[in-house]
Amino acid sequence: MPTLSMLRTLGQARILKRVGLVALLLLAIVMLVRGFLGPSITTDLIEKRDFIQTVVASGHVESPHRVEMGTQLTGTVKRVPVLEGQTVEQAQILIELENAELQAALKQAELNVVQASAKIRQLNEVQRPVLEQAFQQALATQSTSQNALLRAQELFAKGFTGQAALDEAQRLALVSQSQVISLTEQLKSLRPEGSDHWLAQTNLSQAQASVELATARLRYTQIKAPVAGTLITRNVEPGDAVQPGKVLMVLSPLGDIELVVQIDEKHLSQLKIGQLAVVSADAYNSQTFKATVSFINPGVDAQRGSVTVKLKVAEPPAYLQQDMTVSLNIETARRPQVVVVPSDAVHNLSKSPWVMLVRDGHTFKQDIVVGMRGTPWSEVISGLSPGDRVVHDVLWTEENARVRLK
């Protein structure tokens with residue numbers, strides 16, 4: 001006969017069997033319900049909203065122009081008092097060359113100016129007064145000799161003197177006349193318009209030009225910032241031998257900042273000068289600033305299939321640096337309160353767009369006409385109405401399938 005413990009074990013087994021049968025029955029019911037109602041899917045509710053079409057791009061920060069600086073002299077670098085990345089003021093010294101030889105040349109040129117100036121003073125203060133005095137004496141001598149000649153002629157006519165006396169008087173008159181003519185010409189040359197004075201003034205001008213040249217060459221030994229800006233490249237160190245034609249530094253001037261981006265040519269028709277963009281630097285992606293489209297290259301880069309676009313930044317943030325990478329959204333159009341659909345829910349968006357709608361628990365294909373396109377929304381001109389539900393998964397292509405909404 002079965003014992004009491006055996007009966008208890010048998011009863012427990014029967015209970016477990018019944019529980020298992022019930023669980024299997026419930027699972028079968030759930031599977032039947034799911035099969036009847038269809039799988040659970042995610043949908044997007046179609047509604048009206050303000051639509052903003054944007055073009056997304058990335059690029060870098062660039063100044064409208066860069067200043068490449070070098071030397072006009074061949075020499076040795078004495079010191080470089082600035083560092084790469086440093087902000088410099090206009091006329092600040094960036095590079096200084098050895099200049100001892102040029103300083104000596106300047107001193108020599110200045111001495112030549114002093115010497116030429118002294119020559120002019122000598123002409124004005126010594127030679128001309130002496131000649132003027134000699135000229136007055138020559139005039140007096142000429143007057144005396146002329147009077148003596150007249151008396152000799154009278155005496156010779158009366159027979160009181162001979163021919164020798166007359167000839168001597170004529171000779172003295174001619175000598176005195178020649179002295180007056182010679183001194184007259186010498187005085188002319190010493191006046192401001194005269195040749196000697198002009199030659200002395202020319203020597204002074206040449207000496208002064210030599211000073212200016214020596215000063216300019218000495219000034220070339222200091223390479224200064226032509227404008228205020230940021231030093232973005234430094235290719236020189238103290239002790240380097242430098243010569244003209246080599247770029248030693250590159251300066252990015254302060255002021256206008258440009259963003260240079262490459263945009264896919266398919267967006268070219270959407271772009272216009274003056275469009276606004278919201279920009280963020282990759283290094284400070286939590287902060288944004290505004291920019292304006294200022295240039296659209298009319299040519300297309302055939303290799304990359306892109307167009308170069310430049311944007312001006314009216315109020316650049318302080319952290320913005322030369323060559324920083326930036327991301328931006330250019331607003332190309334705006335529509336108030338239009339029907340929109342998520343772009344990633346549209347099949348064949350670029351050619352014959354359609355979506356998978358859900359109505360009365362079933363899916364069906366719906367052709368739509370798309371207007372403006374953007375990320376993440378696209379404008380729907382016809383084919384959808386507010387309240388429609390579109391299958392979010394673009395991979396779902398089964399029509400007339402029974403589904404459940406999550």
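Among PRO129, PRO238, PRO64, the largest mean-square fluctuation in a Gaussian network model of the chain, built with springs joining Cα atoms closer than 10 Å, belongs to PRO129. A simple count of charges around ALA200, restricted to other residues whose Cβ falls under 10 Å of its Cβ and scoring Lys, Arg +1 and Asp, Glu -1, yields +1. Each residue of segment 234-244 was assigned a 3J(HN,Hα) from its phi angle through the Karplus curve 6.51 cos²θ - 1.76 cosθ + 1.60 (θ = phi - 60°); the sequence is 9, 10, 8, 9, x, x, 5, 8, 10, 8, x Hz, with glycine and proline shown as x. Taking each of LYS107/LYS188; LYS246/LYS312; LYS266/LYS351; LYS290/LYS310; LYS224/LYS290; LYS224/LYS312 in turn, the alpha-carbon distance tops 24 angstrom for LYS107/LYS188; LYS246/LYS312; LYS224/LYS290; LYS224/LYS312.
Restriction of the trypsin sites (Lys or Arg not before Pro) in segment 184-266 to DSSP coil positions whose beta-carbon has at most 16 other beta-carbons within 10 angstrom yields LYS246.
In this structure, the amide hydrogen of LYS224, modeled 1.01 Å from its nitrogen in the peptide plane, lies closer than 5 angstrom to those of LEU94, counting only residues at least 5 positions away or on a different chain.
Sites listed here are trypsin sites (Lys or Arg not before Pro) in segment 298-391 whose DSSP assignment is loop and whose Cβ has at most 11 other Cβ atoms within 10 Å: ARG304, LYS351.
Taking 14 Å as the straight-line reach from the Cα of LYS272, the aspartates and glutamates in range (excluding those fewer than 8 positions away in the same chain) are GLU331. Longest stretch of the chain clear of exposed loop sites (GluC sites (Glu not before Pro), DSSP loop, at most 16 other Cβ atoms within 10 Å, sites excluded): 194-397.
Remark: the GLN206-THR325 segment gains 37.2 nm on full extension, using 0.36 nm per residue and subtracting the alpha carbon distance. Figure note: TRP396, TRP377 ranked by solvent-accessible area, largest first, 1.4 Å probe, ligands and nucleic acids not counted: TRP377, TRP396.
Quick one: if the Förster radius is 25 Å, what FRET efficiency do ARG304 and ASN235 give, using the C-beta to C-beta distance and rounding to 0.05?
That pair, ARG304 with ASN235, gives E of 0.25.
Rounded to the nearest 5, what is the percent of antiparallel bridges among the DSSP beta bridges in the chain? Taking every DSSP beta bridge within the chain, about 95 percent pair in antiparallel fashion.
Can you give me the span-like helices of the chain, meaning DSSP H runs with 30 Å or more of Cα extent along the axis and Kyte-Doolittle mean at or above 0.0?
The qualifying helices are 4-37, 163-190.
Overall, the accessible surface of the chain at a probe of 1.4 angstrom is composed of carbon and sulfur to the extent of 55 percent. Of LEU357, LEU155, the residue with the largest accessible area leads and the full order is LEU155, LEU357 (1.4 Å probe). Heavy-atom accessible surface of the chain, averaged per residue, reaches 61 Å², computed with a 1.4 Å probe.
Put simply, the amide H of GLY70, placed in the peptide plane, has neighbours under 5 Å in LEU248, leaving out anything fewer than 5 places away on its chain. Close amide H contacts of MET324 (hydrogens built in the peptide plane, cut-off under 5 Å, sequence separation of 5 or more or a different chain): VAL61.
With R₀ fixed at 25 Å, the C-beta to C-beta distance from LYS224 to ASP256 puts the FRET efficiency at about 0.65. Each residue of segment 75-88 was assigned a 3J(HN,Hα) from its phi angle through the Karplus expression (A = 6.51, B = -1.76, C = 1.60, θ = phi - 60°), giving x, 10, 6, 8, 7, 10, x, 10, 10, 5, x, 7, 8, 10 Hz with x at Gly and Pro.
Residues in segment 239-276, backbone N under 17 Å from the label point at THR87 (7 Å along the Cα-to-beta-carbon vector): list them, ranges by number please. It comes to 251-258, nothing else. Note on VAL56 and SER350: their simple-model spin labels are 1.6 nm apart, each label 7 Å out from Cα toward Cβ. In this label model, ASP264 and VAL175 are separated by 11.2 nm, measuring between points 7 Å along each Cα→Cβ vector.
The values are calculated or read from the model by the stated rules, or taken from the named source; none is laboratory data. Because the structure is a prediction, the values reported are computed rather than measured. With ideal geometry, Cβ positions are generated from the backbone for all residues, glycine too; neighbour counts draw on all protein chains shown. Note: accessible area is taken over every heavy atom of the protein model, side chains too, but ligands, DNA and RNA are not part of it. Shrake-Rupley method; radii C 1.70, N 1.55, O 1.52, S 1.80 Å.
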